[in-house]
1. Residues of the range 13-25 being surrounded by 14 or more Cβ atoms within 10 Å (Cβ to Cβ) and not hydroxyl-bearing (Ser, Thr, Tyr), which ones?
2. Being small (Gly, Ala, Ser) and under 10 Å from residue 14 (Cβ atoms) is the filter here; which residues of the range 27-63 pass it?
3. Would you confirm, using the coordinates I've provided, whether residue 8 is surrounded by 12 or more Cβ atoms within 10 Å (Cβ to Cβ) and not in a strand (DSSP E or B)?
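Readers should treat all values here as calculations from the given coordinates under stated rules, not as data from a laboratory. Just so you know, these numbers come straight off a predicted model, no measurement behind them. Because the Cβ atoms are built from the backbone with ideal geometry, glycine has one as well, and the counts that use them run over all protein chains shown.
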Amino acid sequence: MVTIKCSVCRRKLFRYHKVGKGKILRLYKERIEADYSIHRGNEILCPCGNIVGIDVGPWIKMKGGHFTVSGARERGFKEKKRR
């Protein structure tokens, strides 16, 4: 589970189940546990006005540099099998 925060004001925006390695480029909606952001049309904003992503249907396309991530990712099926 990771916490995604605004890079401008450091407010919490999402609690998200991240699976696997790599950067967060998209947030799949079924993996979002808590959403504290503001949705205006297809834009996803922080309460401070910073645009952090764009709603593209089944996921949210995140804008790099507009958010920070903290927490630990969850192990995916492939990673559990390698142990």
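1. Taking the range 13-25 first, the residues surrounded by 14 or more Cβ atoms within 10 Å (Cβ to Cβ) are 13-19, 24.
Once the filter is applied, which keeps residues that are surrounded by 14 or more Cβ atoms within 10 Å (Cβ to Cβ) and not hydroxyl-bearing (Ser, Thr, Tyr), the range 13-25 yields 13, 14, 15, 17, 18, 19, 24.
2. Within the range 27-63, the first condition is being small (Gly, Ala, Ser), and the residues that meet it are 34, 37, 41, 49, 53, 57.
Those that are small (Gly, Ala, Ser) and under 10 Å from residue 14 (Cβ atoms): 34, 37, 53.
3. Yes, satisfied.
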